[in-house]
Amino acid sequence: MAKKKKSKYISQKNTHKLNEIGRIILAFMKEKSNKIYNYKQIADGIEYKNPRQREQVIQALHKLKAEDKIKEVEKGKYTVNLEISGTLTGVIDFNQAGNAYVKVEGREDDIFVHSKNVKDAMQGDKVLIITYSYKNKNIEGTVVQVLERNKTEFVGSLEYIAHKGFGFVVSDKKNFNTDIFVKKENFNGAKPNDKVVVKMLGWKKGDKNPEGEIIRVLGSPGEHETEIHSILADYGLPYEFPEEVGARAKNLDTEIREEEVEKA
């Protein structure tokens, strides 16, 4: 009896792994959806290069074929089995799982985008997507290009990886889909765990995270002033004013006169 349970567990684990590899394969093949690939090209493309990994690629391809997600156009040669609907432009909105939906103006239903297909898009960006549908499945999309960044400055906490000499700015927001990589020379006075404002410098092709530079230290997390400044900075609102503004504010007449009380 114990052996059966173990066998079932291994089978479920293997199926989960093949499903994951299948998603990676589809994301790779959809970049050039009209191209025909053999398994070696696919394995190299997703960087599954040792014998065990190549065997998993073959198994995943058989599974994708059985699910009608790919077609075997010749023996050992595959193409994506999808119906391209065209391209659409919209605003991307991420959920906590890292998947996203693209809201297209004039369209009632949002387009689902799996986390593997979001490319370098970030929350609120305007993106160009290719839409497609597998047989008897709902329409999905793949991000082709970020057309316009929603913002390039973000608020988060600095996590320092001491033994590697760099850090990441991690957002408090659950739908923020990536951490921002920061070289130590770009900490600009920030200390580990500080709340900071980081400016995105770019996102190179192939990099897992965008790179940024810390442009402002807001303070230690949990402190009232730090949290207030964090909220204001996140919405792009000023929380520091020029000295002359402060001087004028101090000279404002704040006395409440009796005639004003009577008006109330």
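The values are calculated or read from the model by the stated rules, or taken from the named source; none is laboratory data. All of these numbers come straight from a predicted model, not from anything done at the bench. All Cβ positions, glycine included, derive from the backbone under ideal geometry; neighbour counts span all protein chains shown. The protein model used for the area step is the full one, side chains on, heavy atoms only, and it has no ligands, DNA or RNA in it. Shrake-Rupley method; radii C 1.70, N 1.55, O 1.52, S 1.80 Å.
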ask   = With respect to Val155, is the statement that it is among the hydrophobic types (A, V, I, L, M, F, W, C) and within 15 Å of the chain's Cα centre (by Cα) true?
value = no
note = Of all strands (runs of 3 or more DSSP E) fully inside the range 116-182, the set with 2 or more residues that are within 28 Å of Ile46 (Cβ to Cβ) and open to solvent by less than 60 Å² (accessible area, probe 1.4 Å) is 126-133, 140-148, 166-170
key: strands (runs of 3 or more DSSP E) completely within the range 51-102 that count 2 or more residues being under 26 Å from the mean Cα position of the chain (by Cα) and exposed (fewer than 13 other Cβ atoms within 10 Å of the Cβ)   = 83-94
inquiry  = I'm told Lys204 meets every condition in (1) open to solvent by less than 50 Å² (accessible area, probe 1.4 Å); (2) in a loop (DSSP other than H, G, I, E, B) except one. Can you identify the failing condition by its number?
reply    = (1)
ask   = Out of (1) at pLDDT below 90; (2) touching a Lys or Arg at 6+ places or on another chain (Cβ under 7 Å), the odd one out for Asn34 is which?
value = (2)
query = What residue, among those in the range 213-230 that are acidic (Asp, Glu) and part of a helix (DSSP H, G or I), is surrounded by the fewest Cβ atoms within 10 Å (Cβ to Cβ)?
reply = Glu225
